[in-house]
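Contents: one structure, followed by commentary.
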Amino acid sequence: MSWYSCCLLPRYRGGAHLVWAIINGEQESGVSLFQLTEKMDAGVLYIEYFFLY
């Protein structure tokens with residue numbers, strides 16, 4: 001099963017990924033598509049789409 005995350009993995013994992021990206025002054029973000037596993041945001045990364053703020 002696949003899932004997506006509205007952040008760049010593995011840099012930002014967990015529930016507050018966008019908040020930490022803003023706090024750290026990141027200039028880019030993205031969407032990650034990965035394999036769903038028992039651990040949060042820990043599966044095989046299939047693809048990432050990057051975009052700038």
When residues of region 1-22 are filtered for being among the small types (Gly, Ala, Ser) and not in a strand (DSSP E or B), how many remain? 4
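Out of the residues in region 23-53 that are more than 10 Å from Ser2 (Cα to Cα), of a type outside the set (A, V, I, L, M) and not in a strand (DSSP E or B), state the one that is modelled with the lowest pLDDT. It would help to see each step written out before you state the result.
So in region 23-53, the residues more than 10 Å from Ser2 (Cα to Cα) come out as 23-32, 38-42, 47-53.
Still in the list and also of a type outside the set (A, V, I, L, M): 24-30, 32, 38-39, 41, 48-51, 53.
In the following step, the residues that additionally are not in a strand (DSSP E or B) were identified as 24-27, 38-39, 41, 53.
Values: Asn24: 91, Gly25: 92, Glu26: 90, Gln27: 90, Glu38: 89, Lys39: 85, Asp41: 76, Tyr53: 72.
By that ranking, first place goes to Tyr53.
The values are calculated or read from the model by the stated rules, or taken from the named source; none is laboratory data. Computed from a predicted structure; not experimentally measured.
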